[in-house]
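Written out below as structure tokens is the structure these notes cover.
The values are calculated or read from the model by the stated rules, or taken from the named source; none is laboratory data. Given the structure is predicted, the values throughout are model-derived calculations rather than measurements. Here the Cβ is made from the backbone with ideal geometry for all residues, glycine too, and neighbour counts use every protein chain on show.
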Amino acid sequence: MLREPEARDRTTFIELLASPEVHTYLGGPRPRDELEREMPEVPERWPGSFVVELDGTMIGQILLRRAAGHRRPAAVGKADLGYLFLPKAWGQGYAAEACAAALDWFDGVLPGEPVVLTTQSANVASMRLAAKLGFTEVERFQAWDAEQWLGLRPPAT
């Protein structure tokens, strides 16, 4: 289930952002004590920000937002799909199902809009998910000491 963030999700948001496993391809985790100080009691809400819930518990987050400040010309002004899932939820198809639902929501709200996704090319699972969701490679580039992959999902017709 996709829903808005709630106060009960704060601990899981901190766990996601502090997890070395989750941030293997994202530049590393943030310090837990810093997150405890900075994370608001109710995580921020905005259109396109979803908590992924399974059996009443948060297992991940999906973000669909404008790629403001994106350094790649192919991504400027387009919506950017991002996601984080707890390691215990990996490999079970939850990311594919939740991302597909979020993209369906996006297509209903902003029909005709393309979406981009960036991941490290070494992140095999993320590359596989991007292909499953209909993203095709636009370019590869170097950033954060690793090769990055930028994919585009054309507008829904």
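Checking residue 97 against (1) more than 21 Å from residue 9 (Cα to Cα); (2) acidic (Asp, Glu); (3) surrounded by fewer than 16 Cβ atoms within 10 Å (Cβ to Cβ), which test does it fail?
Failed condition: (1).
Counting only residues that are under 20 Å from residue 51 (Cβ atoms), without any contact (Cβ under 8 Å) to a residue 40 or more places away in the chain and not in a helix (DSSP H, G or I), how many does segment 92-132 have?
The qualifying residues number 3.
Name the residues in segment 68-91 that are among the aliphatic types (A, V, I, L, M), in contact (Cβ under 8 Å) with a residue 60 or more places away in the chain and part of a loop (DSSP other than H, G, I, E, B), would you?
86
Conditions: (1) surrounded by 13 or more Cβ atoms within 10 Å (Cβ to Cβ); (2) without any contact (Cβ under 8 Å) to a residue 24 or more places away in the chain; (3) of a type in the set (Ser, Thr, Tyr). Residue 19 meets all but one. Number of the miss?
So residue 19 meets the others, but not (2).
Could you list, in sequence order, the residues of segment 52-95 that are aliphatic (A, V, I, L, M) and under 14 Å from residue 17 (Cβ atoms)?
Scanning segment 52-95 gives 58, 63, 84, 86.
Quick one: which of 45, 65, 37 is assigned to a strand (DSSP E or B) and either in contact with a Lys or Arg (Cβ under 7 Å, 6 or more places away or on another chain) or loosely packed, with under 15 Cβ neighbours inside 10 Å (or both)?
The conditions single out 65.
Pull out all pairs, ordered by first then second residue, where Cβ-Cβ is under 6 Å, the residues are six or more apart or on different chains, the first lies in segment 1-16 and is part of a helix (DSSP H, G or I), and the second is modelled with pLDDT under 95 and among the acidic types (Asp, Glu).
Close Cβ pairs (under 6 Å, with a partner that is modelled with pLDDT under 95 and among the acidic types (Asp, Glu)) amount to 7/41.
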